[in-house]
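The values are calculated or read from the model by the stated rules, or taken from the named source; none is laboratory data. Only a predicted model underlies this, so the values are computations on that prediction, with no experimental measurement involved. We place every Cβ from the backbone using ideal geometry, glycine too, and count neighbours over all the protein chains shown. Just so you know, the surface numbers come from the protein's heavy atoms only, side chains and all, with ligands and any DNA or RNA stripped out. Shrake-Rupley method; radii C 1.70, N 1.55, O 1.52, S 1.80 Å.
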Amino acid sequence: MSDLQKVLYTAHTHTTGGRDGGTAKSDDGKLELSLSAPRALGGNDGDGTNPEQLFAAGYSACFIGALKAVAAGDKKSLPEDTFINASVSIGPIEHGFGIEAELNVSLGDMDKDEAKALVEKAHQVCPYSNATRGNVNVTINVL
């Protein structure tokens, strides 16, 4: 059963082979990629991407969308040079493996206090932030 009030979009992928030597494809053909594990995780560091890179890209893209939404709600726009450098780390925890994320947010020449307030608002509405809250250690820095 869904906690969503209304489903607006559902992504569908087909993945085979897992993180080392696998592939992932979306049902609409817009995503098709090879997967390979980095040496640090026992992989061959092949040409493919890995779940942590995909999570970092997804979270940072979604967070910029949340920034745009809260800025628009405040009748403002984001500086054109807005960017996020995202890091997602994986490592052992007591019963398996866990991840943590760090978002380094740059809002160009926006006033630092204004930028921090906007980032905090975005963190409250971003779907990835809501999904990770209480489950994943997330650090957000305003550059």
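Using 19 Å as the Cα-Cα cut-off, could you pick out the over-long pairs in Lys6/Lys30; Lys76/Lys112; Lys76/Lys116; Lys75/Lys116? Result: Lys6/Lys30 exceed 19 Å. Give me the angle, in degrees from 0 to 90, between the Cα long axis of helix 51-73 and the longest principal axis of the Cα atoms of the chain, rounded to the nearest 10. Taking Cα atoms only, the helix is inclined about 20 degrees. Using C-alpha pairs below 8 Å separated by at least 6 residues, the relative contact order for the chain is 17 percent.
Which of Asn50, Ser129, Met110 sits farthest toward the positive end of the charge dipole of the stretch 1-131, with +1 on the Cβ of Lys and Arg and -1 on the Cβ of Asp and Glu? The residue sitting most towards the positive pole is Ser129. Accessible surface area normalised per residue over the chain is 66 Å², counting heavy atoms of protein chains with a 1.4 Å rolling probe. Relative to the dominant Cα principal axis of the chain, helix 112-125 is inclined by about 50°. Alpha-carbon geometry of the stretch 1-76: the Rg and the Dmax are 16.4, 49 Å, given in that order. Note on Asn135 and Ala69: their simple-model spin labels are 1.7 nm apart, each label 7 Å out from Cα toward Cβ. In the chain, helical runs assigned H by DSSP with n ≥ 4 each contribute -39500 (n - 2.57); averaged across all residues and rounded to the nearest 500, the mean residue ellipticity at 222 nm is -9500 deg cm²/dmol. When a 1.4 Å probe is rolled over the protein heavy atoms, the share of accessible surface on the chain that falls to carbon and sulfur comes to 50 percent. Taking a straight line from the alpha carbon of Lys121, these aspartates and glutamates sit under 13 Å away, with near neighbours fewer than eight places off in the same chain left out: Asp74, Asp113. For Glu102, the accessible area of its heavy atoms, probed at 1.4 Å with every protein chain present, is near 70 square angstrom. As an exercise, use a Förster radius of 35 Å and the Cβ-Cβ distance of Glu100 and Gln5 to find the FRET efficiency, rounded to the nearest 0.05. That pair, Glu100 with Gln5, gives E of 0.75. With 5 Å bins beginning at zero, the pair-distance distribution over Cα atoms of the stretch 12-139 amounts to 2, 10, 17, 18, 17, 15, 10, 7, 4, 0 %. Loop-located trypsin sites (Lys or Arg not before Pro) across the stretch 109-138 with a Cβ neighbour count of 15 or fewer within 10 Å are Arg133, with loop assigned by DSSP. Of the listed residues Glu52, Glu94, the order by accessible area with a 1.4 Å probe, largest first, is Glu94, Glu52.
Normalised radius of gyration for the stretch 69-121, please: alpha carbon Rg relative to 2.2 N^0.38 Å, two decimal places.
So the stretch 69-121 has a normalised radius of gyration of 1.54.
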